[in-house]
Amino acid sequence: MPIGILYSAVGDTFIEAWMSREAYSGSRTNANGYYNGMINPLTYTDISGIVWYQGENNCGWPEQYRSLLSKMIDDMRVKFNDETLPFYVVSLPVYNHPYNWAF
């Protein structure tokens, strides 16, 4: 069975840049930018799942990140028209850093 992997990634970004305007309407600079350019064009494609590896720039605000991640997942499921779209989250383990990555 042929498969394809769509790679939409940019390092050193905030989660807000990957969220649609409907999911995030806050004041962070460059919010929605990568969503508009790299995710929205794919919403007309049938996909089987999403792997999400991001969050280092949001590490200073873990509670906010948790809320934004939930909003983003819900919104992407709506945008891709699949309420059960698998969404796999990869995160860094705890290591010697001022922020607790695992939190």
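Between 0 and 90 degrees, the angle of helix 62-79 with respect to the longest Cα principal axis of the chain falls at about 0 degrees.
Rolling a 1.4 Å probe over the protein heavy atoms of the chain, with every protein chain left in place, gives an accessible area that is 53 percent carbon and sulfur. Computed with every protein chain present, the accessible area of THR43 is close to 20 Å² [probe 1.4 Å]. Between the amide H of TRP52 and those of TYR88, VAL89, VAL90, distances stay under 5 Å, these residues lying 5 or more places away or on another chain, with hydrogens modeled in the peptide plane.
Skip the ligands, DNA and RNA, and give the accessible area per residue of the chain with a 1.4 Å probe, whole Å². Please list the in-between numbers first.
Details: 7110 Å² over 103 residues.
Result: 69 Å² per residue.
If each of LEU6 and ARG66 carries a label point 7 Å out from its Cα toward its Cβ, how far apart are those two points in nm? Output for this residue pair reads 3.0 nm.
Which entry is the computed log10 I(q)/I(0) by the Debye sum over Cα atoms at q = 0.10, 0.25 Å⁻¹ for this structure: [x] -0.36, -1.35; [y] -0.28, -1.57; [z] -0.32, -1.36? The calculated read-out lines up with [y].
The values are calculated or read from the model by the stated rules, or taken from the named source; none is laboratory data. Because the structure is predicted, anything quoted here is derived from the model rather than measured. Positions of Cβ are generated from backbone atoms using ideal geometry, with glycine treated the same way; all protein chains shown enter the neighbour counts. Accessible surface areas use protein heavy atoms only, side chains included; no ligands, DNA or RNA. Shrake-Rupley method; radii C 1.70, N 1.55, O 1.52, S 1.80 Å.
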